[in-house]
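Written out below as structure tokens is the structure these notes cover.
No value in this document is a laboratory result; all are computed from the given coordinates. Everything numeric in this text was worked out from a predicted model, so none of it was measured. As a convention, Cβ positions derive from the backbone with ideal geometry for all residues, glycine included, and neighbour counts pool all protein chains shown.
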Amino acid sequence: MQFRPLGRSGLATAPLALGGNVFGWTADENTSHQLLSAFVAGGFNLIDTADVYSRWAPGHTGGESEAVIGRWLKASGQRHRVLIATKVGKPMGEEGSGKTGLSRRWIRQAVHDSLTRLQTEHIDVYQSHDDDSSTPLEETMTAFAELIQEGKVRAIGASNFTSPRLAEALAVSTRLGLPRYETLQPLFNLADRAPYEAELQALCVAQDVGVINFFGLARGFLTGKYRNEADLGKSLRGGGVKGYLNPRGHRILAALDEVAALQRATPAQVALAWQMAQPGITAPIASATGLSQLQELMGAARLTLDSAALAHLSEASAGG
């Protein structure tokens with residue numbers, strides 16, 4: 001398994017990241033800790049979370065995922081073996097509370113809160129969860145530079161940025177001599193190709209920005225679990241899959257089935273392996289709620305697709 005650089009940060013990761021959005025939500029704490037331990041034991045190291053996970057769940061206020069990871073870090077003694085990537089910028093309070101965005105004031109408060117929940121002295125990759133057009137990029141990038149200088153953050157990244165805004169942020173860092181965004185988290189998978197491929201891919205490749213794409217399995221659609229509307233009730237996330245149930249989506253599933261049969265693999269493994277082979281991709285993010293599911297996902301990193309399989313999948317998923 002080949003490790004890949006996260007931009008120019010000096011950090012390197014295995015070609016799959018574990019999504020922490022489910023920790024303390026659809027995966028309880030005990031299960032989450034088992035998943036984290038198994039992921040590291042499998043030779044992987046990048047764990048992605050965010051301060052806002054899982055604020056959307058009833059009774060949650062945000063920070064639940066970070067807190068679960070923090071207790072695992074303390075109990076397991078595995079901090080030196082993992083890269084922790086978390087995010088700032090989405091609302092962590094009611095409208096008007098000021099607990100949102102990328103101002104220097106909020107970034108400094110949010111990083112303190114995240115470090116406390118994670119029970120660690122530094123964050124390996126601290127990411128802007130959303131662009132914040134109301135705050136000058138100069139202010140945001142200067143705030144991140146302060147955190148890096150103070151040893152609280154090792155590298156920074158962006159998520160949900162357009163190509164023009166990412167290019168502008170990189171230019172601001174160059175002009176001011178500040179640390180730059182070394183990673184990008186865009187939406188990208190076989191079913192959602194355009195958001196990344198249209199403009200972001202070329203920029204990330206040219207600027208050596210590592211890509212750790214989210215929804216690597218398209219909310220579970222690419223596992224083959226959801227074949228028709230009757231399947232949508234199989235999980236809490238099924239409702240987000242309905243939009244994929246169209247002729248193109250069925251072509252994608254058929255191609256995944258064909259390649260998986262030839263490779264003696266699963267559709268999920270094939271879907272992730274296709275992503276790992278795309279230009280600019282460092283590590284897709286995938287979430288698991290059980291150990292057998294995690295073992296399946298980790299198997300994708302050991303799967304190499306030949307040119308014919310890659311072309312078949314790309315052709316079947318063209319147009320989206």
Inset, instruction - Quick one: work out Rg over Rh on the C-alpha atoms of the range 38-126, Rh as Kirkwood radius. - result: 0.99
Legend entry - Debye equation applied to the C-alpha atoms of the chain, log10 I(q)/I(0) at 0.06 Å⁻¹: -0.19
Inset, instruction - Mind computing the radius of gyration and Dmax over the alpha-carbon atoms of the range 4-185? Å is fine for both. - result: 15.7, 47
Legend entry - Among A50, A27, A41: highest mean-square fluctuation, GNM of the chain, C-alpha pairs under 10 Å: A41
Legend entry - Karplus (6.51, -1.76, 1.60) ³J(HN,Hα), θ = phi - 60°, over the range 20-37, in Hz, Gly and Pro reported as x: x, 5, 8, 5, x, 10, 7, 10, 5, 4, 4, 5, 4, 5, 5, 5, 4, 5
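Over the range 147-261, what relative contact order in percent results from Cα pairs under 8 Å that are six or more residues apart? List each step's numbers first, then the result.
Numbers: 126 pairs, mean separation 22.0, N = 115.
Reported as a whole number, the value is 19 percent.
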Legend entry - Calculated over the range 138-211: convex hull of Cα atoms, volume per residue (Å³): 83 Å³
Inset, instruction - Name the longest site-free stretch of the chain, where the excluded sites are GluC sites (Glu not before Pro) in a DSSP loop with no more than 14 other beta-carbon atoms within 10 Å. - result: 151-320
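What are the chymotrypsin sites (Phe, Trp or Tyr not before Pro) within the range 3-106 that DSSP puts in a loop, where the Cβ has at most 10 other Cβ atoms within 10 Å?
Values: sites: F3, F23, W25, F39, F44, Y53, W56, W72, W106; in loops: F3, W25, F44, Y53, W56.
Answer in residue order: W56.
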Legend entry - Calculated [θ] (222 nm, deg cm²/dmol) that DSSP helices of n ≥ 4 give over the chain, each run adding -39,500 (n - 2.57): -12000 deg cm²/dmol
Legend entry - Top of L16, L178, L256 by mean-square fluctuation, Gaussian network on the chain, Cα under 10 Å: L178
Inset, instruction - Taking amide H positions as placed in the peptide plane 1.01 Å from N, state which residues far from L83 in sequence (5 or more) or on other chains have amide H under 5 Å from it. - result: L46, I47
Legend entry - Label point at A198 placed 7 Å out along Cα→Cβ; residues across the range 285-320 whose backbone nitrogen lies under 18 Å: 317-320
Inset, instruction - For the range 69-76, just list the computed ³J(HN,Hα) in residue order, Karplus coefficients 6.51, -1.76 and 1.60, θ = phi - 60°, integers in Hz, with x standing in for Gly and Pro. - result: 4, x, 5, 5, 4, 5, 6, 8
Inset, instruction - With springs only between Cα atoms under 10 Å apart, run a GNM on the chain and tell me which of L73, L294, L262 wobbles the most. - result: L262
Inset, instruction - For the range 205-219, take each phi angle, set θ = phi - 60°, evaluate the Karplus expression 6.51 cos²θ - 1.76 cosθ + 1.60, and give the result in whole Hz per residue in order, putting x for glycine and proline. - result: 5, 5, 9, 6, 9, x, 10, 10, 6, 9, 6, x, 10, 6, 6
Inset, instruction - Compute the relative contact order of the chain as a whole-number percentage, counting only Cα pairs closer than 8 Å that sit 6 or more residues apart in sequence. - result: 18 percent
Legend entry - Normalised contact order of the range 4-185, rounded percent, pairs of Cα under 8 Å and 6 or more residues apart: 18 percent
Inset, instruction - Could you pull out every residue, at least 5 positions away or on a different chain, whose amide H is within less than 5 Å of the one on A12? Hs are placed 1.01 Å off N in the peptide plane, and Pro or chain starts have none. - result: L6
